[in-house]
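These notes are about the structure you will find just below.
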Amino acid sequence: MKNNLFAEFTPISAKAWKQKIQVDLKGADYNKTLIWDTPENIKVKPFYNHEDLSENGASPATPNNWFIGQVVSVSNSGQANRCAHDLLSKGIESLIFSIHNNEVAPEILFKGIDLQHTPVYVHFESVSAASIIPVLEFAGKHKGLIFVELDPLGNLAKTGNWNIDEAQDLKALKDKLQNHPSGSLLQVDMTLYQNAGGHMVQQLAYGIAHAAEYLHRFHELLKEAATPITFQVSVGSNYFLEIAKLRALRLLWRSLAAEFGLETPCHIVAQPSRRNKTLYDYNVNMLRTTTECMSAVLGGANTVVNMPYDAIYHKQNDFGDRIARNQLLILKKESYFDKVGNAADGAYYIESLTRQLAEKALTLFKDIEAGGGWLTQLKNQTLQRKIRESSDREQSAYDSGKLVLVGSNKYPNSVDRMKETIEKSPFLKKESRKTVLEPIIEKRLAEKEEQERLDDE
């Protein structure tokens, strides 16, 4: 048996540490000098110890392995299949097929892909039965890691409209779940809440409430599914808090699933946030996405999909995709981020943040349920208003310089010119159209400043 080296040292209490720090501060106020508040009203202390661990708070179960994913745009099944095999030969381990039309041939699209060991996610730009049904039938015949991403509620929140109307959209979803009871068909797209400016407690609470909306209606139909719901999550640049956010999501899902008699673990597909990406000094985006992917891995994501550094203003291109892919390959193959599945477990700071985020999100979730649930609060615009308030506070912090994006509102490159390199608009598109409710709008922090700089070029 190995000796416990720590037994030779007398335990030091948090009170003793604080007294020592106050002596070193030489009269400066401890709280004002060393404690800071997050947008979620979590007070971050200068140190943490065993007293910050919850006695009954078990760490969330994390996957033993994480997969490197990349999106494959599908307009032609044969071309997409060839692209998929090319990516697999370059180190990609998971595929996200984004289907843009109704002419999908699953036998061709999935040909030669080892579906037993390669997670495949299928996202539909439209919800036409002509494109969805063949994929569902294929997935039913070929048991494997196929996740069909259906999220009519998320589409409503993002666009402000149902595909047809509420009754028909939810009936169509119910029919698919009944006809394919063992399939993984549902997705909760939480990226919308982060990219629109919601703080982490809102992201977690709205994501869980979003999932609960499906479970209230369909939980009996989901009991045979190995993965009833996948969560798509955006990860920002607050390194440790983002690790804790993903871990808190697992705790919240475990509690929610148990209420509906489900025992399946939380399945997370993570990607970097768009909100903090910048047009000017765009190479800094590579640094941002690297730390965000690190947070995703350490937080316990099942699949991590990186964002190319130039994605906001360039069309998809081989160079941007290769750099994004290699960032993840370096984390896995050179930095050994795949060797430990629970690296964050037991870290006093992260465990404390995880517990506080989960508790605050659970409180907000209960408020949403008491107010009629996610859909009711979306219809009466409560969710939109709360996210807008959070977004406005974050935007004010950026505009004042309190929130820093290097190369944009801090240390900008004055000779940087971007007007001639833009291939697609990096800005929020405003269009007049009729909607049944106010959509949740995604917007980057640097947009206004970038538009002014472009006008001055």
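Matching residues to (1) among the charged types (D, E, K, R); (2) at pLDDT below 95; (3) buried (at least 20 other Cβ atoms within 10 Å of the Cβ); (4) under 21 Å from HIS123 (Cα atoms):
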residue: GLN194; (1), (2), (3), (4): no, no, yes, yes
residue: GLY198; (1), (2), (3), (4): no, no, yes, no
residue: TYR214; (1), (2), (3), (4): no, no, yes, yes
residue: VAL233; (1), (2), (3), (4): no, no, yes, yes
residue: LEU246; (1), (2), (3), (4): no, no, yes, no
residue: ARG250; (1), (2), (3), (4): yes, no, yes, no
residue: LEU262; (1), (2), (3), (4): no, yes, no, no
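Looking at LEU186, is it part of a helix (DSSP H, G or I) and without any contact (Cβ under 8 Å) to a residue 60 or more places away in the chain? Write out each step before concluding.
Values: part of a helix (DSSP H, G or I): no; without any contact (Cβ under 8 Å) to a residue 60 or more places away in the chain: yes.
No.
Take the residues in region 223-250 that are of a type outside the set (Ser, Thr, Tyr) and within 9 Å of the chain's Cα centre (by Cα); name whichever of them is farthest from LEU186 (Cα to Cα).
Selected residue: GLY236.
Working carefully through the options SER54, SER73, SER94, SER77, find the one that is surrounded by 15 or more Cβ atoms within 10 Å (Cβ to Cβ), closer than 24 Å to SER295 by Cβ and small (Gly, Ala, Ser).
Within the list SER54, SER73, SER94, SER77, the selection yields SER94.
With respect to GLU431, determine if the residue is closer than 30 Å to LEU153 by Cα, part of a loop (DSSP other than H, G, I, E, B) and in contact (Cβ under 8 Å) with a residue 60 or more places away in the chain.
Spelling it out, it is not the case that GLU431 is closer than 30 Å to LEU153 by Cα, part of a loop (DSSP other than H, G, I, E, B) and in contact (Cβ under 8 Å) with a residue 60 or more places away in the chain.
Among the listed residues ILE12, ILE21, which satisfies the condition of being surrounded by 12 or more Cβ atoms within 10 Å (Cβ to Cβ), closer than 29 Å to LEU298 by Cβ and modelled with pLDDT under 95?
ILE21
Just give me the residues in region 126-155 being among the β-branched types (Val, Ile, Thr), assigned to a helix (DSSP H, G or I) and under 27 Å from GLY373 (Cβ atoms), in sequence order.
ILE132
Go through (1) assigned to a loop (DSSP other than H, G, I, E, B); (2) free of Cβ contacts under 8 Å to residues at least 40 places away in the same chain and name the single condition ASN161 misses.
(2)
Within region 367-425, restricting attention to residues that are in a helix (DSSP H, G or I) and of a type in the set (Phe, Trp, Tyr), which residue is surrounded by the most Cβ atoms within 10 Å (Cβ to Cβ)?
TRP374
Which one is farthest from LEU251 (Cα to Cα), of the residues in region 293-310 that are touching a Gly at 6+ places or on another chain (Cβ under 7 Å) and of a type in the set (A, V, I, L, M)?
So, considering only residues that are touching a Gly at 6+ places or on another chain (Cβ under 7 Å) and of a type in the set (A, V, I, L, M), the one farthest from LEU251 (Cα to Cα) is VAL305.
If a residue counts only when it is among the basic types (Lys, Arg), which helices (runs of 4 or more DSSP H) contained entirely in region 1-103 have at least 3 such residues? Please lay out each step first, then the result.
Details: elements: 14-25, 30-34, 77-89.
By residue number, 14-25.
Assigned to a loop (DSSP other than H, G, I, E, B) and buried (at least 19 other Cβ atoms within 10 Å of the Cβ): is that true of VAL122 in this structure?
Considered against the rule, which asks whether it is assigned to a loop (DSSP other than H, G, I, E, B) and buried (at least 19 other Cβ atoms within 10 Å of the Cβ), VAL122 comes out as no.
Considering only region 286-296, state which residues are out of contact with any Asp or Glu (no Cβ under 6 Å at 6 or more places or on another chain) and surrounded by 24 or more Cβ atoms within 10 Å (Cβ to Cβ).
Of everything in region 286-296, those that are out of contact with any Asp or Glu (no Cβ under 6 Å at 6 or more places or on another chain) and surrounded by 24 or more Cβ atoms within 10 Å (Cβ to Cβ) turn out to be THR289, GLU292, CYS293, ALA296.
Take ILE350 and tell me if it is in a helix (DSSP H, G or I) and assigned by TED's automatic domain parsing to the domain that holds ALA212.
Here the answer is yes, as ILE350 does meet what is asked.
When you check ALA343 against the structure, is it at pLDDT below 95 and either more than 21 Å from LEU192 (Cα to Cα) or not polar (S, T, N, Q) (or both), yes or no?
Here the answer is yes, as ALA343 does meet what is asked.
Could you grab the pairs with beta carbons closer than 8 Å, sequence gap of 6+ or different chains, first residue in region 439-456 and in a helix (DSSP H, G or I), second one modelled with pLDDT of 95 or more and among the β-branched types (Val, Ile, Thr)?
Sorted first by the residue in region 439-456, then by its partner, the pairs are GLU450/THR278.
Condition check: among the small types (Gly, Ala, Ser), crowded, with 19+ Cβ neighbours inside 10 Å and either in a strand (DSSP E or B) or not assigned by TED's automatic domain parsing to the domain that holds HIS199 (or both). Does ALA361 satisfy that?
So ALA361 fits the description; yes.
Six or more apart or on different chains, Cβ under 7 Å: which pairs go from a residue in region 356-369 that's over 9 Å from ALA205 (Cα atoms) to one that's in a helix (DSSP H, G or I) and β-branched (Val, Ile, Thr)? Could you list them?
Partner pairs satisfying both residue conditions: LEU357/VAL201.
Given the conditions (1) crowded, with 17+ Cβ neighbours inside 10 Å; (2) closer than 27 Å to LEU252 by Cα; (3) of a type outside the set (Phe, Trp, Tyr), which single one is not true for ARG325?
(2)
Taking into account only those residues within region 161-192 that are in contact with an Asp or Glu (Cβ under 6 Å, 6 or more places away or on another chain) and farther than 17 Å from LEU222 by Cβ, which is modelled with the lowest pLDDT? Please lay out each step first, then the result.
We begin by selecting, within region 161-192, every residue in contact with an Asp or Glu (Cβ under 6 Å, 6 or more places away or on another chain); these are 162-163, 181-182, 187, 189.
If we keep only those that are farther than 17 Å from LEU222 by Cβ as well, we get 162-163, 189.
Working: TRP162: 95, ASN163: 92, ASP189: 97.
Checking each candidate, the answer is ASN163.
The values are calculated or read from the model by the stated rules, or taken from the named source; none is laboratory data. All values derive from a computational prediction rather than experimental measurement. As a convention, Cβ positions derive from the backbone with ideal geometry for all residues, glycine included, and neighbour counts pool all protein chains shown.
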